[in-house]
Structure formats: C-alpha cells, structure tokens
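Below you'll find the structure, written out as structure tokens, and then a few comments.
The values are calculated or read from the model by the stated rules, or taken from the named source; none is laboratory data. Because the structure is a prediction, the values reported are computed rather than measured. Neighbour counts are summed over all protein chains in view; Cβ atoms, including those assigned to glycine, are modelled from backbone coordinates with ideal geometry. Please note that ligands, DNA and RNA were not included when accessible areas were found on the heavy atoms of the full protein model with its side chains. Shrake-Rupley method; radii C 1.70, N 1.55, O 1.52, S 1.80 Å.
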Protein chains: 2
Amino acid sequence: MPSHEFQAHDHSHCVSDAMNAALVHCEKNGLKFTPVRQRVFEILLSEHKAMGAYDILEILAKEGMGSQPPVVYRALDFLGTHGFVHKIEKLNAFVACEHPGSDHDPAFMICRSCTKVVEMNGSPNSEISSAAKSMGFEVEAIVVEAEGLCPTCQDTE
Amino acid sequence: MPSHEFQAHDHSHCVSDAMNAALVHCEKNGLKFTPVRQRVFEILLSEHKAMGAYDILEILAKEGMGSQPPVVYRALDFLGTHGFVHKIEKLNAFVACEHPGSDHDPAFMICRSCTKVVEMNGSPNSEISSAAKSMGFEVEAIVVEAEGLCPTCQDTE
DNA sequence: TGAGGGCTTGATATACTATAACAGTTCATA
DNA sequence: TATGAACTGTTATAGTATATCAAGCCCTCA
C-alpha cells in the first residue's frame, strides 16, 4: 500500500514540516529567510501543483508584499538556489520541494489533467549521467519531467 | 573509438541526410513540406545547437520568408509534431532531430559552454516510465535534459 | 558609536517567448 | 468550377523573465 503525494493526505503536515526544515536549514547556514521568501515558499507548499511566477505575485500583491515581477523572481531564485523549490521547465512554473535542504536533481511527474506535480522517488539520474559519460559528456544538472495522468485522473477519464 | 556529434564530422552529410529523410517521410505520409518549413528545418540542421524561435525568425526575415512570430512558430509546430525538431525546454529553444521520422522521446545533453546540443543514445525513458508506474502514474511524454560540459569544452576549461 | 560594506527590497523599464484571431491565398478534388 | 481544407500574412496581445538604479537594513569593525 504505497502512500505518496498523489493520494489524499494530511496536507497541513507537509506545509509545516517543510517550512520547519527550511527554517532549520537557513538557521544553520546563516541564510536570510526573509518574510517575502517565507511567504513565497508557503504559497507554493500550500498547493501540490506548479504555479507561475505571476500567479504567486498576484497573491503577494493582494497581501501588500510587493507587486513587481522582480520581487517574486528574486524570492524564487533564492528558494531555488537553496533547494527549497524547483522549476518545472515544461510549464515555466515552480513547485515547493518535498525535502528541502537536501541538494538533489529531482525528477517530476506532471498530471496534464489536474496539473498536480509530484517528485519521483529514486530518480534515474545516475543512469543518465553514466550514459552521458560514455559519450564523453560531463553532467552537472539534469531535468527530468514526465507528463501524463496521475492515478486519480486515470480513473475519471 | 566512439564517433558522435560532439566531435568534428562531415557536417554537410548530417544536413543532407536528415533533409532527405524528412522529404521521404513527408512524401510517404502526404505531409506538405513547404518552403518555410524546409528552410526552418535546414537552418536548425546547419547548427548543432539550439536556436530560439526569434533567432530563426531573424534569418527568415532577411531572406524575405516572413517576418512575424507566427510564421516561425507554425513551422516549428509542424516540425515538432512530425518529429523533425525537438524543443529544449530548459533553453526555450529548438534543435533539429537527428533521426527524423522516428517517433521517440529524446534525451539531450546541453553544453553550457558552447551551447551545442546532442541527442543521447539509449535514453533511459523506460526506467523513468516504470518508476512512475510504480507510483500509479501513467507517463505519456518525457523530457530529459542534461546540462554540463561537452568533451571539447572540458579540455579548454 | 558611527562609517562602511554587503545584502535585500522597491520601482521602472524593457527584453524575450508565445499565441489568438482574422483575412487572404493556394491547391486538391468533388 | 465551386468548395473546403490547409497554409500564409498580419495585427495585436498575452505571458515569462531580467537589467538597472535607488533606497533601506543590518552587521561589524575600527
């Protein structure tokens, strides 16, 4: 009985756990986890889906936390650099990382129906890296994004 | 002694071979390989690197083949649909496919130094699909993009 | 304690990427 | 030759991202 993020779960835990992990990581490493940065992370955590920068900005603006693109892009840049959020290249959108603090190349599953995005367990990065190495290519970062249907949306189609 | 596209090679062959393959494929399938479409494909073939749509458009415009974005995006859409070019999501750019006509989910190596892009042999898509399947996710399309340094640029750094 | 420096934020402007919508043309074929 | 489907031309606009400069905050070290 696999338990993972496509299924129903106590979401408030996801949010608070990840936020705590991020706070601890910032504390440890002397990073400034400012209000805007925290709020952007929180917004992304509160959904299990990718959000565009301008969607996030809209929420920030309503709350009086800044209304111009650089505000949110700078926050996303900080969060991305420190592994708290990932960019989904295929969607030009962003998702909160489910294990903040650990440096890793994630692999994603994107449901084209409900737009939920979930990080894959055991991403096949080492195989990709070694395949590349056999062609003399030195890999530094990998993007893996699988688009398709999540369990729920398979049923309802 | 591996021979692949990062190394020096008779590039005119790449171009003419791929173009011929595309012509044959279109002929067989009743597709209209119009001048604009051919020219866009040719432009992409003539480089081993990803080009932005507007870079291509600029060349087209100089040659009097259309000066507005939809011209190039429509051509790219056609070429993409039929597997002649691929989009590099990470770069918002496009590359010519090296085996046009065969429907496949490609995996790419992108050199961050010289910006050359090469398709990987034996992409690990089946492993990604089965990893996803074990989480109940049905994969329809996969993006794999490895960024790093090509053999040449490793030497010169 | 206060001057300097580094980082963060605010604000304006602009660059880059992509598509919607409609009019006009071409071309195969009924 | 009328018709319809697909392609092209054109205008307009939507969506994504960054450069730049000014201003504020906070730490620290003389």
Those residues of the stretch A:41-90 that are within 25 Å of A:Glu147 (Cα to Cα) and open to solvent by less than 30 Å² (accessible area, probe 1.4 Å) come to a total of 17
Scan the stretch B:103-114 and tell me whether some residue there is within 16 Å of DNA strand C (Cβ to nearest atom) and assigned to a helix (DSSP H, G or I). no
Return yes when A:Lys49 is in contact with a Ser or Thr (Cβ under 6 Å, 6 or more places away or on another chain) and at pLDDT below 95 and no when it is not. yes
Filter the stretch A:67-84 down to residues that are outside any helix (DSSP H, G or I) and over 14 Å from A:Glu42 (Cα atoms) and give me whichever is farthest from DNA strand C (Cβ to nearest atom). A:Gly83
Looking at (1) among the β-branched types (Val, Ile, Thr); (2) open to solvent by less than 40 Å² (accessible area, probe 1.4 Å); (3) touching a helix residue (DSSP H, G or I) at 6+ places or on another chain (Cβ under 9 Å); (4) at pLDDT below 95, can you tell me which one B:Thr115 breaks? (2)
For residues that are in a loop (DSSP other than H, G, I, E, B) and at the interface with chain B (Cβ under 7 Å from one of its Cβ atoms), scanning just the stretch A:122-157, find the one that is farthest from B:Glu140 (Cα to Cα). A:Gly136
Test each condition in (1) within 20 Å of A:Pro124 (Cβ to Cβ); (2) within 14 Å of DNA strand C (Cβ to nearest atom) for B:Asn92 and report the one that comes out false. (1)
